[in-house]
Every structure is written in C-alpha cells, then in structure tokens.
Amino acid sequence: MAHNTIVTARPGKSGRPSVPMRPLKRRRTLSTSRSRLGAMVVSPALILLTVFFFLPVVLMLWMSLNRWPLLGKISFIGLGNYSAAFQDQDFLRAAGFTLLYTLIMTPMLLVIGVALALLIRRPGKASRVFQSIYFLPVVVGFAAAGYLWLFMAQPNIGPMLDLLTRAGLASHSDNWFGTFATALGIVCAMVVWKVAGMQMLLLNSGLQSIPVELEEAARIDGATRTQVFRYIILPLLRPTLALLLVFSVAGSLLAFDQFYIMTSGGPANQTITAVYHIYRVSFQGFQLGYGAALSALLMIVLAIVSAVQMLILRNSDHN
Amino acid sequence: MTSLQSSLRPVPRAAWWIINTSLAALVLYPFWVVLSQSIKSPAEAAAAPPTLFPGSFSWGNFAKLFTNENGGAGFIQQLGNSVLVSVGATLLTIVLSTLACYGFARLRFRGSNLLFFATLATFMIPFQAVITPLYLVLHQIGLTNNLLGLMLVYTTFNLPFGIFLMRNSFAALPSSIEEAALVDGCGVLRAMVRVLLPVAIPGVISTALFTFFASWNEFFAALILMTDQSKYTLPVALNVLSSGTFGTLDWGALQAGVAVTIVPCIGIYVLLQKYYVGGMLTGAMK
C-alpha cells in the first residue's frame, strides 16, 4: 500500500475539485498499471512453470488412470495401474532396494558430515583449505563422478583396485560390480565422496551459530569433551541435522544416475532403484500410463518427505 | 585460555594434521586418476595393471575424443550442446526469476501471493517424479530431442530456487529507496534495474551458478529427452563413450571426456566459491 501514497497526496476534503481530481486519477492509473506490470513480469516464469510443471503433474494423475502406450489406443482403466503396482514384483523389489540404499546412505553421510565439520572447525587458513578440498567433489556431476569411479574400480585396469592390490587388500581380477554387496559398496563410496562435502558445509555453518562461550562454560564446569558434544553441540545442531536428514533421504529416494552408470542395475537387476524402474517402464517398455502411476506414488512419498522438512524448518524458526 | 581453547579441539594438533592430510589425499585421489589417465598415451591408458604415474605426457586421448573416429556426432558438437543449453538456461533463469521476484515482492497484484506460494510449492516435487508426463508434453509440442526444449526444462526446474534465493534480497530493500527512484522520474522497470538489481547481485550470481552446475551436470532428463547423438549433452555423451565403439571401450578417451566435463565446474567453483557456498547456505537454511 505504501507505494501508492507516495505518488500523490490524497485528495483533500476542501471541495476544490479541480486540483484533487487529477492526482486521484493519476494515482489510480499508476496503481493499476503497477499491478498490471506485476502480472506481466511474473508471467514468463509462470508460463514455463505451468507448461513444464503444473500441466505434467495434472497429466500424470490422468495418465495414471489409463493404459497409455506411446503409440496406439489409450484406454481408461481406473485404478488398475495402481493395483498392478502393488503386485509388480520388479517394482516392489526396486522400492525395497531404494529403501535399503536410503537406510545405508543417510546415517553414513550424517556421521561422515559431522566428523568432517568437527575436523575443520579449527580457526586458521589450513582448515579453510581442507574445507575447500572436501567440498570440491560437490561441483562434479553424478555422471562424471560415476564414470570416474566406474573406471577406478574396474577389474585389471582400475587404478583404485590396483592400489588396493599393491597394499594386499584386493586382487587385480576382483570384479566389484559382480556381486550385490561390493557393487552397492562402490556406489556408496562414490556418493559419499561426492556429497559429504556439502553435508560438512551445512553442518559447519550450523556449528558456527553455537556460541563458543557455551562450550567454554561447560568445560570450566568440568564437562568432558564427549559430554560437551553430547549435551551441548548435538542438541543445538538438531535443526541442521534434521534438514540434512531430509536432504539425504530425498536425494537417496531419487537415486538413478549412479546406478544406471555404475551398475546398470546389476548384478541380476538387484540394484534397480525406484526411479530406474520408472525409467524402464516408461522409456524402455513405453507403458506411459503405468509409469505415470509409479511416478505418482513416488511423488506422494517425496511430498511427505518435503512436508516433514517444512515442519522441521518451521519448528527451528520458532527456536 | 589457550589451554581451554585447545581442549575444545576434538583432536590434538599433530593428529589433526595427519587426519586432514590423509583425508585430503583420499578426496583428491579420484581427481588425480582422471588427470593422469587422460594425459597418458592411449596405449598406456589401456594398460593392465595400470601405471601409477603417466610415463609420458600425451594429448592422444583428447585427440581421439575430439577427432570423432567413429563417425556420427562428435564430442565437440556435444560439448557445444552442453555450453549452449547450460548458458541458455542460466541466462533465461536469471532474467525470468529476477523479473518474477520483482513482481512478487514489489508489484503486488490480485492473487500474487497465491502464485508465489504455488511457485515455491514446486520445490516439493522434483522433476524425476514428473518425467513421464513431461516427456509426453514435450513430445506433443515437438520439443523432445530439441536443445531448446531441454533448455526450457532446465530453466523451469531452476526458477523456483532462483526466486526463492532472491526473494530475501528484494524484500530486505526498503521500499523508500525504490520510491525515491520512482519520484525522480524513473520508470518502474528502470527503477528495478538501477536500484533493486545491485542489491540482488549476490543472489543473481548464486542463482546463475546453481543453474549452470545443475544444467551442465544433469543426466536423467537429457538421457530421456534427447534421442539423437547430435543433440546429446556431455553427461549423456560420456554414456555413449562408455558403451564403446565396435565393442571395445576406450577408457583413456572416456577419462579425457570426464576431464572435459569436470574442468569447467572446478574452474568456476574456484573463481566464484564465495557466491556458490553463500547461495547454498541461504538456500538450505532460510
């Protein structure tokens, strides 16, 4: 409202029509032209969001109620795709694997993130340099990182396998992509390398908001280092930790690139994630309706995760 | 006080250096692998077991990568596609999100708050979840297998973050400054460019960096939406390299391709670290 009043004075009540009439008119046109301009500058962004986001979301819900091949006849089948999803062994296995991956990845990233953040907490140039080094892999894309690690762990020619062989921990002919546990392990190692730096950075800024006096007081009172961490740092870090938890849960639930690139879903389709399964259904099998139904289920799960995130953020705002 | 402060440190000084140096070596090791592998001679790059250090310096892998022996679309063209799509999406995102942010923050209109929240709500749904219908929409308007289509998709999915990032700097600006510019005879758009934009510059740079990195590195949508090798961006081009020509996989050329993909990101990060890190913290915490 404030910006309307500055343009012109309010028309007085003095009853001199000729003077206030013009400002009144000017004020009105200015304020309507302002809001018209507002709608205008916002519209390009909104058009893009509508065409490439809101429309797809609505279309997804409609598609999910139909048998929808890429070419050929579309037929309405109600909730058929959804009931099929719960009987689709491949989908259930993919969902189960995604959950397992999330359960492995999330605590691992949190623990490593906290450890790194505590390590680089020391003031001085050296610790800033180490922080930059740990963060460096974050800017590398998943595809580039995936192909890099794929090579590092290749049997016979992989440099990482070679180093471990020289150290007596492996053998050149080991095929880590040949068994489920080692294939998953190498993917997890790559993701830790690529993502831990970001967790460290966010935790570091959380740590910086904890006043040093608090810790000093506790130390003077005789608290041990572990007690300080357990009873002072950890509780004050809770909002940051919760946020990171949500980030890594959402990120892990959406995993695709790393498995497509490094394991191709193998061995024996054991590392196919939910998004990977949707990819295969929609873009290799061209069952777009069924793919849309699976996407809708995924969207619901992610919306719940996001809702939890918002709840956490709101609670931390009140603190 | 010094003894107290040192007691607050989780590990003693010598151990701290040892731990950090080893960790840094561990983190940097993959970068060493991609660098050393891509500058080995093609023959050495295929050696089993691999050599620890390159025996000689060679541009051979890059030459193979760029000379396009196997016909079809070359890596140079795919590099060009990546530059075009990423730079295009970045510019478009900056312009559209600045305009939208200005509209939402300063030029309120009926329903603008609702639309603002609708925009932010798109955060809740990542594009992986809508890829199937998105493919159909693009297919209908003839934008699958089209670089402009990919650019618009990347713009769409980075817009909300840009609007979100810049909202704070726009809202923080006292309206009196903008009003003064208006009274002095600036048009509304000129007032925006002259007065508001300078305040929003850090947000604009952060948005630009995020959009660029996201578009440059994006794999999933590019894999699905681009079907023609001449339209591939770098991450998908790596996929082609890794599937090999005539059944043999050229690991030297693949690692050279990885190097080409990584180097711009590291360069930009080193130059503009402050904005990238600042934007990430703002985006996550506010």
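The values are calculated or read from the model by the stated rules, or taken from the named source; none is laboratory data. All of these numbers come straight from a predicted model, not from anything done at the bench. Neighbour counts run over all protein chains shown; Cβ positions are idealised from the backbone, glycine included.
Would a scan of the stretch A:222-242 turn up a residue that is away from every other protein chain (no Cβ under 12 Å), aliphatic (A, V, I, L, M) and closer than 28 Å to A:Leu150 by Cα?
Within the stretch A:222-242, not a single residue is away from every other protein chain (no Cβ under 12 Å), aliphatic (A, V, I, L, M) and closer than 28 Å to A:Leu150 by Cα.
With respect to the numbered conditions (1) modelled with pLDDT of 90 or more; (2) touching a Leu at 6+ places or on another chain (Cβ under 9 Å); (3) surrounded by 16 or more Cβ atoms within 10 Å (Cβ to Cβ); (4) closer than 22 Å to B:Asn146 by Cα, which one is the sole condition not fulfilled by B:Leu115?
If we test B:Leu115 against (1) modelled with pLDDT of 90 or more; (2) touching a Leu at 6+ places or on another chain (Cβ under 9 Å); (3) surrounded by 16 or more Cβ atoms within 10 Å (Cβ to Cβ); (4) closer than 22 Å to B:Asn146 by Cα, just (4) comes out false.
State which residue is nearest to the other protein chains (Cβ to nearest Cβ) when the search covers only the stretch B:14-31 and only residues that are under 20 Å from B:Ala259 (Cα atoms) and not hydrophobic (A, V, I, L, M, F, W, C). Step through it out loud before you land on a result.
Of the stretch B:14-31, the ones under 20 Å from B:Ala259 (Cα atoms) are B:24-31.
In the following step, the residues that additionally are not hydrophobic (A, V, I, L, M, F, W, C) were identified as B:29-30.
Details: B:Tyr29: 8, B:Pro30: 5 Å.
For the stretch B:14-31, the residue satisfying everything is B:Pro30.
It is to be established whether one or more residues within the stretch A:153-161 are in a helix (DSSP H, G or I), away from chain B (no Cβ under 11 Å) and of a type outside the set (Ser, Thr, Tyr). Spell out the reasoning first.
If we filter the stretch A:153-161 for residues that are in a helix (DSSP H, G or I), which is where we start, we get A:159-161.
Right, trim to away from chain B (no Cβ under 11 Å) and you get none.
Within the stretch A:153-161 (the criterion being in a helix (DSSP H, G or I), away from chain B (no Cβ under 11 Å) and of a type outside the set (Ser, Thr, Tyr)), the answer is no, since none of the residues qualifies.
State whether the residues of the stretch B:63-79 include one that is assigned to a helix (DSSP H, G or I), within 24 Å of the chain's Cα centre (by Cα) and within 14 Å of B:Ala222 (Cβ to Cβ). Write out each step before concluding.
Narrowing the stretch B:63-79 to residues assigned to a helix (DSSP H, G or I): B:63-67, B:75-79.
Next, from what is left, pick out any that are within 24 Å of the chain's Cα centre (by Cα): B:65-66, B:75-79.
Narrowing further to those that are within 14 Å of B:Ala222 (Cβ to Cβ): B:78-79.
Looking through the stretch B:63-79, at least one residue is assigned to a helix (DSSP H, G or I), within 24 Å of the chain's Cα centre (by Cα) and within 14 Å of B:Ala222 (Cβ to Cβ).
So which of A:Ala292, A:Ala242, A:Ala296, A:Ala250 is touching a Pro at 6+ places or on another chain (Cβ under 7 Å) and in contact (Cβ under 8 Å) with a residue 12 or more places away in the chain? If you could, list the steps in order and put the result at the bottom.
Values: A:Ala242 fails: touching a Pro at 6+ places or on another chain (Cβ under 7 Å); A:Ala296 fails: touching a Pro at 6+ places or on another chain (Cβ under 7 Å); A:Ala250 fails: touching a Pro at 6+ places or on another chain (Cβ under 7 Å).
Of A:Ala292, A:Ala242, A:Ala296, A:Ala250, the one residue that is touching a Pro at 6+ places or on another chain (Cβ under 7 Å) and in contact (Cβ under 8 Å) with a residue 12 or more places away in the chain is A:Ala292.
Where residues in the stretch B:82-121 are facing chain A (nearest Cβ under 7 Å) and aromatic (Phe, Trp, Tyr), which of them is nearest to A:Phe286 (Cα to Cα)?
B:Phe104
Please determine whether any residue of the stretch A:75-86 is touching a strand residue (DSSP E or B) at 6+ places or on another chain (Cβ under 7 Å), more than 9 Å from chain B (Cβ to nearest Cβ) and either buried (at least 18 other Cβ atoms within 10 Å of the Cβ) or aliphatic (A, V, I, L, M) (or both).
Within the stretch A:75-86, the first condition is being touching a strand residue (DSSP E or B) at 6+ places or on another chain (Cβ under 7 Å), and the residues that meet it are A:75-77.
Then drop every residue that is not more than 9 Å from chain B (Cβ to nearest Cβ), which leaves A:75-77.
Remaining after also requiring either buried (at least 18 other Cβ atoms within 10 Å of the Cβ) or aliphatic (A, V, I, L, M) (or both): A:77.
Yes, there is a match, as at least one residue in the stretch A:75-86 is touching a strand residue (DSSP E or B) at 6+ places or on another chain (Cβ under 7 Å), more than 9 Å from chain B (Cβ to nearest Cβ) and either buried (at least 18 other Cβ atoms within 10 Å of the Cβ) or aliphatic (A, V, I, L, M) (or both).
State all residues of the stretch B:198-236 that are within 15 Å of the chain's Cα centre (by Cα) and either among the acidic types (Asp, Glu) or outside the structural domain of B:Gln140 (by TED's automatic domain parsing) (or both); if no residue qualifies, say none.
B:Glu218
Take residues that are more than 10 Å from chain A (Cβ to nearest Cβ) and tell me which of the helices (runs of 4 or more DSSP H) falling wholly in the stretch B:122-240 contain 1 or more. If you could, list the steps in order and put the result at the bottom.
On the way: elements: B:131-140, B:147-172, B:175-183, B:188-191, B:197-217, B:220-225.
Result: B:147-172, B:175-183, B:188-191, B:197-217, B:220-225.
Please work out if A:Ala144 is at pLDDT below 95, closer than 30 Å to B:Leu271 by Cα, among the small types (Gly, Ala, Ser) and in a helix (DSSP H, G or I).
Numbers: at pLDDT below 95: no; closer than 30 Å to B:Leu271 by Cα: yes; among the small types (Gly, Ala, Ser): yes; in a helix (DSSP H, G or I): yes.
The answer is no for A:Ala144.
Could you grab the pairs with beta carbons closer than 9 Å, sequence gap of 6+ or different chains, first residue in the stretch A:162-181 and touching a residue at least 40 places away in the same chain (Cβ under 8 Å), second one in a helix (DSSP H, G or I)?
That search, which allows pairs on different chains as well, returns A:Phe177/A:Leu150; A:Phe177/A:Ala183; A:Phe177/A:Ile186; A:Phe177/A:Met262.
With the structure loaded, tell me whether B:Gly185 is assigned by TED's automatic domain parsing to the domain that holds B:Asn217 and on the phi < 0 side of the Ramachandran plot or whether it fails that test. Walk me through it before giving the result.
Values: assigned by TED's automatic domain parsing to the domain that holds B:Asn217: yes; on the phi < 0 side of the Ramachandran plot: no.
No; evaluated as a whole, the condition is false for this residue.
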